[in-house]
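The values are calculated or read from the model by the stated rules, or taken from the named source; none is laboratory data. Note that this is a predicted model, so its numbers are computed, not measured. Please note: Cβ atoms are built from the backbone with ideal geometry, for glycine as well, and neighbour counts cover all protein chains shown.
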Amino acid sequence: MMRALFLSLLLALTSAPVFAIDITQFDDPAKQEQYLKLTHELRCMQCLNTSIADSQVDLAADLRREVHDLVLQGKTDDEIRKYMVDRYGEFILFRPLTNGRNMWLWLSPIAFVLFGVVVAVRILRQRSKLVDQDHEPIEGDTGR
């Protein structure tokens, strides 16, 4: 019995998700912060919904190495993001850029809410007109 319990505990511990351990360190705390921020903003192209900081695949390690090299070169966050987008496309960013090409993505929720408000107001106005025009007694109303 104890052996079965031990084996099930071992199986549960080994099947838990494992995150990458990034041991990259910088002498400058500002560069370390920049590196950590960027690696959490960039998507692993193989894992899709995992940042390169949390992914353990080789591609994510290569991307972390690229970010490390660019930070060491003194590039700004925007320059590093632009480099990554130019190389891998906008999909690498967890937060898409706001530009003319994808402005519909940012404006469509507002348009849908406004459309819903217009429809709701029209329905309420039409129903209130129907109430004003209705002079018949309610069914079952004996006129008390």
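Only residues that are touching an Asp or Glu at 6+ places or on another chain (Cβ under 9 Å), buried (at least 19 other Cβ atoms within 10 Å of the Cβ) and not hydrophobic (A, V, I, L, M, F, W, C) were counted across the range 36-50, and they come to 2.
Among the residues of the range 78-96, the one identified as touching a residue at least 40 places away in the same chain (Cβ under 8 Å) and over 19 Å from the mean Cα position of the chain (by Cα) is ILE80. Evaluation of LEU124 against the conditions (1) among the aliphatic types (A, V, I, L, M); (2) free of Cβ contacts under 8 Å to residues at least 40 places away in the same chain; (3) under 16 Å from LYS37 (Cα atoms) shows that the sole unmet condition is (3). Scanning the range 23-48 for residues that are on the phi > 0 side of the Ramachandran plot and among the aromatic types (Phe, Trp, Tyr) yields nothing. Taken as a whole, the condition of being touching an Asp or Glu at 6+ places or on another chain (Cβ under 8 Å), assigned by TED's automatic domain parsing to the domain that holds THR39, surrounded by 11 or more Cβ atoms within 10 Å (Cβ to Cβ) and among the small types (Gly, Ala, Ser) does not apply to ALA61.
Rundown of residues vs (1) surrounded by 11 or more Cβ atoms within 10 Å (Cβ to Cβ); (2) part of a loop (DSSP other than H, G, I, E, B); (3) out of contact with any Cys (no Cβ under 6 Å at 6 or more places or on another chain); (4) not assigned by TED's automatic domain parsing to the domain that holds GLN32, yes/no style:
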| site | (1), (2), (3), (4) |
| --- | --- |
| VAL67 | yes, no, yes, no |
| LEU70 | yes, no, yes, no |
| LYS75 | yes, yes, yes, no |
| ILE80 | yes, no, yes, no |
| PHE91 | yes, no, yes, no |
| ILE110 | no, no, yes, yes |
| ARG125 | no, no, yes, yes |
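Taken together, VAL67, VAL57 contain a single residue that is at negative phi and touching a Leu at 6+ places or on another chain (Cβ under 6 Å), which is VAL67.
Of the residues making up the range 53-74, not a single one is modelled with pLDDT of 90 or more, among the hydroxyl-bearing types (Ser, Thr, Tyr) and within 21 Å of the chain's Cα centre (by Cα).
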